[in-house]
Amino acid sequence: MNPSRLLLVDDHALFREGLVSLLSYQDDFTVVGEAENAESALSQARALAPDIVLMDIDLPGEDGMSATQRLTTELPAIIVVMLTVHDDNLTLFAALKAGAHGYLVKNMRSRELLERLRGLARGEAAISRRMATRILEEIRGQTEPFGFEEELTPREMEVLELVAARLSNAAIAERLVISEHTVKNHMKNVLSKLHLRNRHQAAAYGVARGWLPRPKERGKRPLLSPVAAK
């Protein structure tokens, strides 16, 4: 059986070196590439067609959540597993919504990491038992399947567009002729509806879903008209 081909995406070179060293002793894995940011990850994924991408969330510029959504949309045959320091439910659910096939926390033992990655070949999700329990608890506690974002109002979309344009709350309030307190309330509602934990994730998610222009496109065309997201 051919070894699984991995692409490592993490901005810490020392961490990538440690993974390469660990995987080099495994006959069923081979590292075919390394990337330190989202654009490099997408470029290498297109060129190398790895079986698995180990994706960090905290990347410089575009984060790993947005990169995962882009990658899984363009190259659906590639399995993306988040490998991160974040150990909270909102980030876990956001990653799964973005298309990740697994979610592993960096403080796990190397033996467990290898076991989870090997489980992918058997059709298993690369998620620890503790994370799987959290998902079941979330599903049981909701009247709808988790991961369905609620529709944003036109005003919430306006606020999200301006957040993505990197305006402060004060600048957004001035632009929309509302109070800064109202801006904060709208942003709180956006995060709740999208099941995300901060404004950076919300902006990245909006870009990945195609609701907002990508950062390099801003300035080339006006912000989207305030229509509710679907």
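A few comments on the model shown:
Residue by residue, here is whether (1) of a type outside the set (Val, Ile, Thr); (2) under 18 Å from LEU113 (Cα atoms); (3) buried (at least 20 other Cβ atoms within 10 Å of the Cβ) holds:
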{"site": "MET1", "(1), (2), (3)": "yes, no, no"}
{"site": "ARG5", "(1), (2), (3)": "yes, yes, no"}
{"site": "ASP10", "(1), (2), (3)": "yes, yes, yes"}
{"site": "LEU23", "(1), (2), (3)": "yes, yes, yes"}
{"site": "ALA35", "(1), (2), (3)": "yes, no, yes"}
{"site": "GLN44", "(1), (2), (3)": "yes, no, no"}
{"site": "GLY61", "(1), (2), (3)": "yes, no, no"}
{"site": "SER66", "(1), (2), (3)": "yes, no, yes"}
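- For GLU156, the conditions (1) charged (D, E, K, R); (2) within 22 Å of the chain's Cα centre (by Cα); (3) modelled with pLDDT under 90 are fulfilled apart from (3).
- Taking every residue in segment 110-132 that is closer than 19 Å to LEU96 by Cα and pairing it with any residue that is hydroxyl-bearing (Ser, Thr, Tyr), at least 6 positions away or on another chain, the pairs with Cβ-Cβ distances below 6 Å are ILE127/TYR103; MET131/TYR103.
For (1) among the polar types (S, T, N, Q); (2) under 20 Å from PHE15 (Cβ atoms), each residue gets a yes or a no:
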| position | (1), (2) |
| --- | --- |
| ILE78 | no, no |
| THR84 | yes, yes |
| ASP87 | no, yes |
| ALA98 | no, no |
| LYS106 | no, yes |
| ARG111 | no, yes |
| LEU114 | no, yes |
| LEU117 | no, yes |
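- Helices (runs of 4 or more DSSP H) within segment 1-106 that include 1 or more residues among the basic types (Lys, Arg) and modelled with pLDDT of 95 or more: 13-24, 38-48
The values are calculated or read from the model by the stated rules, or taken from the named source; none is laboratory data. Because the structure is predicted, anything quoted here is derived from the model rather than measured. Here Cβ is always computed from backbone atoms with ideal geometry, including for glycine, and neighbour counts include all displayed protein chains.
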